[in-house]
1. May I ask you to evaluate 6.51 cos²θ - 1.76 cosθ + 1.60, the Karplus curve with θ = phi - 60°, for each residue of region 277-291 and list the ³J(HN,Hα) values in order in whole Hz, giving x for glycine and proline?
2. Sort Ser368, Ser315 by accessible area with a 1.4 Å probe, largest first.
3. Could you work out how far apart the two model spin labels at Glu36 and Thr231 are, taking each label as a point 7 Å from the Cα in the direction of the beta carbon, and quote it in nm?
4. Would you list Trp155, Trp317 from the most to the least accessible area, probe 1.4 Å?
5. Could you run the Karplus curve 6.51 cos²θ - 1.76 cosθ + 1.60 with θ = phi - 60° over region 354-363 and give me ³J(HN,Hα) per residue in whole Hz, x for Gly and Pro?
6. Would you calculate, for the chain, the mean residue ellipticity at 222 nm contributed by helices, counting each DSSP H stretch of 4 or more residues as -39,500 (n - 2.57) and dividing by all residues, to the nearest 500?
7. Under 5 Å between amide hydrogens, which residues at least 5 positions from Glu61 or on another chain qualify, with H placed 1.01 Å from N in the peptide plane?
8. Around Val203, which amide H atoms from residues at least 5 apart in sequence, or from another chain, sit under 5 Å from its own amide H, with H modelled in the peptide plane?
Amino acid sequence: MTRIYSYTQAIDADIVDAFCLLQKGFTDQFVYYRKEAPVRFMGLGRCVALPTLDEAEITLEGPVHAQPVFFSFNRFDGANPALADELFSSFPRLRLMLPEVVLIENERGTFLQVNSLGPVYAGRVQRFSRDCERAPERSAAPIPYQLEMDSREQWQEAMAQAGEALSKGRVRKVVLSRRLRLQAGHPFSSKDVLVNLIDGDAVGTVLLYRYADVFFCGCTPELLVRKNGCTVESMCLAGTCPAGADGEESAVMARQLMADRKNREEHQFVVDFIRTVFERTCYNVEIPAEPRIMRLAHVQHLFTPVKAQVLEGVSLWQLAEDLHPTPATAGAPVGEATMLIRRIEPYNRGFYAGACGYVDGAGDGEFSVALRTGVFDGEMGYVYGGCGIVEESDAQAEYEEINLKLRTILSAFG
């Protein structure tokens with residue numbers, strides 16, 4: 001067992017401003033920041049890494065009773081034997097990572113948490129608290145960049161391979177992605193990208209995992225699973241159209257999306273998959289019969305929320321493993337589609353489309369699917385986008401759909 005001491009107190013500070021000030025002293029950085037709700041965790045340093053929560057014996061200290069917050073960043077296909085690019089390959093394979101310092105914002109307020117393998121030194125808490133409360137207001141700045149576009153011919157070839165598997169009935173859907181190389185006009189930091197995502201127009205949950213000189217980040221719209229006590233939630237997110245130039249055009253496109261057979265079929269694969277997982281591990285499963293529209297800055301998606309009560313003994317980690325990957329990021333059937341992706345895509349996706357999130361010492365937390373993301377070293381990097389392919393898919397339309405999705409991670413550069 002690993003003994004962990006976790007001290008939490010309230011602070012009067014903006015946690016993003018505080019993070020920007022503190023981050024210079026830590027090479028390991030972790031962020032799970034929901035933009036639409038105060039469920040925000042920003043971690044610095046690494047106190048310890050554990051394979052499971054069962055390995056931890058936790059002692060809570062401080063005036064606020066709060067469980068320590070562990071972060072978890074997981075690859076899309078962790079068993080893929082193909083080497084990832086040099087950036088993703090530099091990240092260690094760790095399951096649960098407990099930061100030394102966690103800045104927390106939730107419905108109760110803002111908090112500073114300090115974690116240690118021995119009783120937390122009071123002077124350390126006081127120093128971090130002072131630094132947080134004197135943090136200057138952050139500022140955003142654009143980062144000039146050039147994007148190396150991929151070949152449409154290569155995309156056509158990938159689509160042809162997918163089409164052959166679809167026509168032979170090996171899969172009913174496969175999700176293909178594109179990877180583009182980005183070269184910045186000047187050096188930039190993880191903080192620069194993070195501020196642009198948080199303060200920009202990207203919608204969803206901002207993710208960041210920095211290890212030494214390399215960092216993975218983005219803003220994803222897709223929740224994988226959330227657990228709070230016995231209540232669990234997920235979402236089915238598949239089917240896409242442009243956002244539209246204004247409200248009227250957006251509404252027209254949304255109605256067309258709702259009526260489109262191809263997109264509704266893609267969406268239903270995800271609904272059926274998540275229903276199967278939840279009916280095996282939960283009760284009182286609630287899934288609406290019809291999807292809704294989720295409107296983001298650049299695209300709109302078909303969206304169906306899922307809610308249930310989890311069976312006793314089923315952990316958040318087990319739910320995440322059962323759900324990931326869904327047909328929204330792999331295809332259907334999931335196993336066969338994943339093998340097809342290994343054969344078609346000329347790269348290992350790494351954390352792109354992986355399950356990334358947090359879990360607290362009591363076993364509650366949430367994981368999101370790491371879409372609209374990229375990996376960088378402060379001078380260059382790779383950005384990723386994908387789309388679901390079925391027999392009726394048009395190669396050029398899917399290529400342009402990915403270009404729209406890439407705008408989210410590119411907005412991190414201003």
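1. 5, 5, 5, 7, 10, 9, 9, 6, 6, 10, 9, x, 6, 10, x
2. Ranking Ser368, Ser315 by accessible area, largest first, yields Ser315, Ser368.
3. A separation of 1.6 nm, rounded to one decimal place.
4. Greatest to least solvent exposure: Trp317, Trp155.
5. 3J(HN,Hα) across region 354-363, in whole Hz: x, 8, 10, x, 9, 9, 8, x, 8, x.
6. Taking each H run of at least 4 residues, the total per residue is -9000 deg cm²/dmol.
7. It is Ser6, Tyr7, Thr8, by chain and number.
8. Excluding prolines and chain starts, which carry no amide H, the hits are Ala297.
The values are calculated or read from the model by the stated rules, or taken from the named source; none is laboratory data. Computed from a predicted model, the values in this text were never measured in an experiment. In this analysis, Cβ positions are derived from the backbone assuming ideal geometry, glycine residues included, and neighbour counts consider all displayed protein chains. Surface accessibility is based on the protein's heavy atoms, side chains included, excluding ligands, DNA and RNA. Shrake-Rupley method; radii C 1.70, N 1.55, O 1.52, S 1.80 Å.
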